[in-house]
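The values are calculated or read from the model by the stated rules, or taken from the named source; none is laboratory data. Small disclaimer: the values here were computed from a predicted structure and weren't measured. Every residue, glycine as well, gets a Cβ built from its backbone with ideal geometry; the counts of neighbours run over all protein chains shown. Heavy atoms of the whole protein, side chains included, go into the accessibility calculation; ligands, DNA and RNA do not. Shrake-Rupley method; radii C 1.70, N 1.55, O 1.52, S 1.80 Å.
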Amino acid sequence: MAAKSPKDLRIRIYDVGFGDCFLLTFRYATGSPREKHVLIDFGSTASAKKTPLAGAIADDIEKVTGGRLDAVVVSHRHRDHISGFTTGGGKKPGDVIRRLAKNAMILQPWTEDPKVPPKATSPSGTSLSVTALQSAFVTSLERMHEVAESVAARAKRLRPGDIETKPGGEEGAAAPGAEAPAETDEKPEETTPAPESKERQPVGKGLQALLSFLGETNLKNVSAIKNLMAMSTAKRHRYLSYGDRSGLETVLPGVKVDVLGPPTIEDYKKVLAQRRTDPEEFWHLQAAAARLAAKPARGALFARVPRTDGDSSPQSARWFVRRMRGIHAQQLLELVRIVDNYMNNTSLILLFTVGKKSLLFPGDAQIENWEYALKVSDEKKKNRAALSGVTVYKVGHHGSLNATPKTLWTGFKKKKKGLQTLLSTRKGKHGSPNSGTEVPRKPLMDALEANSTLHSTLDLAGDRKEFFEDVLVKFG
């Protein structure tokens, strides 16, 4: 191996709860500096119970790096990947990272490029008018935040009893394709039947928690986004799509980095598979409707007519009221799940290769993103061959059921032969075992534990109060 190649790599996995934060330190035998530091994501939507907050993690990053980051990779704009970049008065975690990344290379998906026109469907800025499906992709991403904000606000207004309890004790069944209510760390809220509503059943917070969680995950995170845009210099920013040169080779001598996602709309229209056939009109109308749903009415529609809420409605109408509220909640869930899937399909997928060892970091990329690299692109056979040799895999989307395609997993040849897997997650925040959508997904966890050396944040934050784990990868 050439002397300019790194001799080893230390990956520090921070326990941020439900989110991602990885610090890669490539160490060289010669040269100055001897260490090169790459931060991949920094965010959380549900912080770890017994570990430091983001500020302490940012301080640790500063200490480890000696005050210098060589590159910052932001896989996509979800809160659980960028909230740590939030600034405020020079004391927030994002302020610390900005100082460290003064001269760093910043990598983000092409959809984050501020120079891309609103009608763009690719990083070239070319506006296609072939079909409505190909237009307004970036504008749609912005409008989705309005939907997410509205859903999060509406979720806070839901009360126990707003969602009808099924005979089996589960809340309203999830809409087709949607995840069932998340299990939470909180105990279900107990309700005492009101005198006029003795038949009311105690209802947990599952669906309400899931709506809040997904809504907040997809909020715009304005401070973090602006910070990333201003971080380093404009010339050091790269907004990437499938097949682009990452530019990291100039930062990390001896390291090859392939960009395997996301594809552009021109590359692969199926990244929009979760959406309707007219995304621009769909999101415009849904955002407007969701805003109305989230805001309280200015006044009574029929001011002089006696009114009643669900609790005091006639007994014969109470089932109907609860049922309508449940349908409304499920529709909100369907909307925010579409938003969530849309955002995940903009994730960067990076493959680092040093000699015969390679490391895969796919962010939260889901199946539509993966399909292009594995099954559709002209280079699909080459990609599969490269991915077959992966020795370190950062488990996609915190261990969800649709972010580690079986085509990818079965293609790993290093299983039981040195494959190391990295998982940053927190149980009980997403999905449900009852519907087979829990995160992390148990069958996937079983496969990871049986066929690889799994390094999981679930094993941290015990009595020793550890908030990170170091994984060493030797090259040569």
By residue number, the members of segment 7-32 that are under 12 Å from L472 (Cβ atoms) and either open to solvent by 10 Å² or more (accessible area, probe 1.4 Å) or assigned to a loop (DSSP other than H, G, I, E, B) (or both) are K7, D8, R10, R12, R27
Filtering segment 422-452 down to residues that are more than 26 Å from G411 (Cα to Cα) and open to solvent by 10 Å² or more (accessible area, probe 1.4 Å) yields R426, K427, G428, K429, P433, N434, S435
Considering segment 420-452, residues that are under 16 Å from D20 (Cα atoms) and in a loop (DSSP other than H, G, I, E, B), and then whichever is farthest from the chain's Cα centre (by Cα), we arrive at K427
If we keep only residues of segment 356-381 that are open to solvent by 40 Å² or more (accessible area, probe 1.4 Å) and among the hydrophobic types (A, V, I, L, M, F, W, C), then the residue nearest to G431 (Cα to Cα) is I367
Within segment 401-419, restricting to residues that are assigned to a loop (DSSP other than H, G, I, E, B) and of a type in the set (G, A, S), the one that is farthest from V376 (Cα to Cα) is G418
* Asked: Just wondering, is there one or more residues in segment 339-346 that are over 14 Å from the mean Cα position of the chain (by Cα) and in contact (Cβ under 8 Å) with a residue 24 or more places away in the chain?
  -> no
Residue pairs within 8 Å by beta carbon, gap of at least six or interchain, first lying in segment 89-101 and on the phi > 0 side of the Ramachandran plot, second of a type in the set (D, E) and in a helix (DSSP H, G or I), listed first then second, are G89/D95
Taking segment 54-85 and keeping residues open to solvent by 10 Å² or more (accessible area, probe 1.4 Å) and either within 10 Å of F42 (Cα to Cα) or among the small types (G, A, S) (or both) leaves A54, G55, A56, G66, G67, R79, S83
Restricted to segment 353-373 and to residues being in contact with a helix residue (DSSP H, G or I) (Cβ under 8 Å, 6 or more places away or on another chain) and in a strand (DSSP E or B), the residue farthest from H398 (Cα to Cα) is T353
Out of (1) within 23 Å of D258 (Cβ to Cβ); (2) crowded, with 18+ Cβ neighbours inside 10 Å, the one R384 does not meet is (2)
Of the candidates G66, G94, the one satisfying the condition of being under 19 Å from the mean Cα position of the chain (by Cα), over 25 Å from D258 (Cα atoms) and at pLDDT 95 or above is G94
From the option list D20, D41, single residue qualifying as at pLDDT 95 or above, at positive phi and in contact with a Ser or Thr (Cβ under 7 Å, 6 or more places away or on another chain) is D41
In segment 97-121, anything open to solvent by 10 Å² or more (accessible area, probe 1.4 Å) and at pLDDT below 85 is listed as E112, D113, P114, K115, V116, P117, P118, K119
- Please indicate, with yes or no, whether at least one residue in segment 453-468 is closer than 22 Å to S44 by Cα, open to solvent by less than 20 Å² (accessible area, probe 1.4 Å), among the aromatic types (F, W, Y) and not in a loop (DSSP other than H, G, I, E, B). no
The condition from (1) out of contact with any His (no Cβ under 8 Å at 6 or more places or on another chain); (2) open to solvent by 10 Å² or more (accessible area, probe 1.4 Å); (3) touching a residue at least 24 places away in the same chain (Cβ under 8 Å) that K406 misses is numbered (3)
